[in-house]
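Remarks on the structure that follows.
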Amino acid sequence: MSSSGAGLKLQDITREEACATLAAVPWTSNAKGCRLALKGTRCLTVTSWEVPEHPIFDTAKKKKPKAPSHSNGYIKLKVRGRGARQEFYLQQLAAIAQGFTGLADVGGHASTHECSHLCHEVACFNLNHIVVEPTLVNKSRNKCVKLMCACGHEVTNCTHQPACIL
């Protein structure tokens, strides 16, 4: 993916750069309070750091861009900066914006920790919904569900801390 040299690495991105990138990502929300990224981003330059641009809305058809449909649903942003270009997952940039470190680059070596979506929404980049935790804990969140019991109360099987947002 890199256009020159060894490329831009996740650990090279500063907290300020991650925040600037996230601020430019077009999004919508849902009832859980997710900040869901929209499809259709391009790049524009902000000083020496390039960030996604808001999508162009088709006013003739009055359609909003839809959420990206990657094979796994996770969103990769093409980021350009310092003479290099690389793809990073949106949730990784959200983690950096919170001050987390030690994440593996996209396609890089396996890491013992992953970005976990507490809300189970892969397009979400709400900083309150993203945590970095051991891979096994992240995978175990896939089993958490919310059900309605016969008396009308909502119950969940989630025992995680922080708890899943179901």
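The values are calculated or read from the model by the stated rules, or taken from the named source; none is laboratory data. In this text the structure is predicted, and so the values were computed from the model without any measurement. Cβ: placed from backbone, ideal geometry, glycine included. Neighbour counts: every protein chain shown.
Observations
- Region 3-24, subset within 12 Å of PHE88 (Cβ to Cβ) and out of contact with any Phe, Trp or Tyr (no Cβ under 7 Å at 6 or more places or on another chain), residue modelled with the highest pLDDT: ALA18
- Number of residues in region 125-142 that are among the hydrophobic types (A, V, I, L, M, F, W, C) and assigned to a helix (DSSP H, G or I): the value is 3.
- Residue in region 58-75 that is hydrophobic (A, V, I, L, M, F, W, C) and at pLDDT 70 or above present: yes
- Residues of region 25-43 that are loosely packed, with under 12 Cβ neighbours inside 10 Å and either among the basic types (Lys, Arg) or modelled with pLDDT under 85 (or both): ARG42 alone.
- Breaking point among (1) more than 17 Å from ALA31 (Cβ to Cβ); (2) modelled with pLDDT of 90 or more, for LEU103: (2)
- Residue selected from region 112-147 under the condition among the hydroxyl-bearing types (Ser, Thr, Tyr) and either in contact with a Cys (Cβ under 9 Å, 6 or more places away or on another chain) or surrounded by 15 or more Cβ atoms within 10 Å (Cβ to Cβ) (or both), by the criterion modelled with the lowest pLDDT: SER116
- Some residue of region 129-148 being hydroxyl-bearing (Ser, Thr, Tyr) and closer than 28 Å to ALA23 by Cα: yes
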